[in-house]
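Undergrad: Shown below is the structure under consideration.
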Amino acid sequence: MAYDQNNVFAKILREEIPCAKIYEDEFALAFNDINAQAPVHVLVIPKGDYISMADFSANASTELMAGFFRAVGETARILGLESDGYRLIANTGSNAHQEVPHLHFHILSGKKLGPMLCR
Ligand code: 5GP
């Protein structure tokens, strides 16, 4: 499957549509989810054309992979989530109901989230 340049996160990266930015560096952009599922719900996306975790883990450079994961942690730090904790979710492909075909990690927190979602 080819990367879709018109997916909504590609448009956010190109600044064609706005986002509520939390953090940005050369590797990643973090912004609030438009339809928050928890008091804190932030998305972190890599700067690059990667459809999913499957694509990213196979094809991204080591530098980008390291920078992206550092940015996920940095975003959580900026949000003040380290003491009470947070959950990371990266839906990958149809079984996981991935809706946007650009890799994104959800950071969820702000309350006790309950057990893992696997229904
Ligand atoms: P997925 O189901 O692919 O893991 O999650 C996609 C997420 O992107 C959803 O939580 C959805 O609310 C969020 N989303 C979809 N479109 C937009 C948008 O235009 N802006 C922002 N900030 N989030 C979006």
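Please treat every number below as a calculation from the coordinates, not as lab data. Since we're looking at a predicted model, the values are computed, not measured. Cβ sites come from the backbone with ideal geometry, for glycine too, and all protein chains shown count toward neighbours.
Undergrad: Alpha carbon centre of segment 1-45 versus segment 70-119: separation in Å?
TA: Segment 1-45 and segment 70-119 have Cα centres separated by 13 Å.
Undergrad: Further, regarding this structure: Treating the beta-carbon of each Lys and Arg as +1 and of each Asp and Glu as -1, no other charges, what is the dipole magnitude of the chain about its Cα centre, to the nearest 20 debye? Please report the intermediate quantities before stating the final value.
TA: On the way: 10 positive and 14 negative charges, 97 e Å.
That gives the chain a dipole magnitude of about 460 debye.
Undergrad: Now a separate question. Please rank 69, 56, fewest neighbouring Cβ atoms within 10 Å first, as an exposure proxy.
TA: Going from sparsest to densest Cβ surroundings: 69, 56.
Undergrad: While we're on this one: How big is the Kirkwood radius of the chain, worked out from every pair of different alpha carbons and given in Å to one decimal? Intermediate results must be reported in sequence, preceding the final value.
TA: Numbers: mean 1/r = 0.0682 Å⁻¹.
Roughly 14.7 Å, rounded to one decimal.
Undergrad: Would you calculate, for the chain, the mean residue ellipticity at 222 nm contributed by helices, counting each DSSP H stretch of 4 or more residues as -39,500 (n - 2.57) and dividing by all residues, to the nearest 500?
TA: -7500 deg cm²/dmol
Undergrad: Using Cα positions and a limit of under 19 Å, work out the lysines in reach of residue 11, with same-chain residues fewer than 8 apart set aside.
TA: Hits, sequence-local ones excluded: 21, 47.
Undergrad: Here's something else I'd like to know. If amide H atoms are built 1.01 Å from N in the plane of the peptide, which residues on other chains or at least 5 residues away come under 5 Å of the amide H of residue 28?
TA: The list, which skips near neighbours in sequence, is 47.
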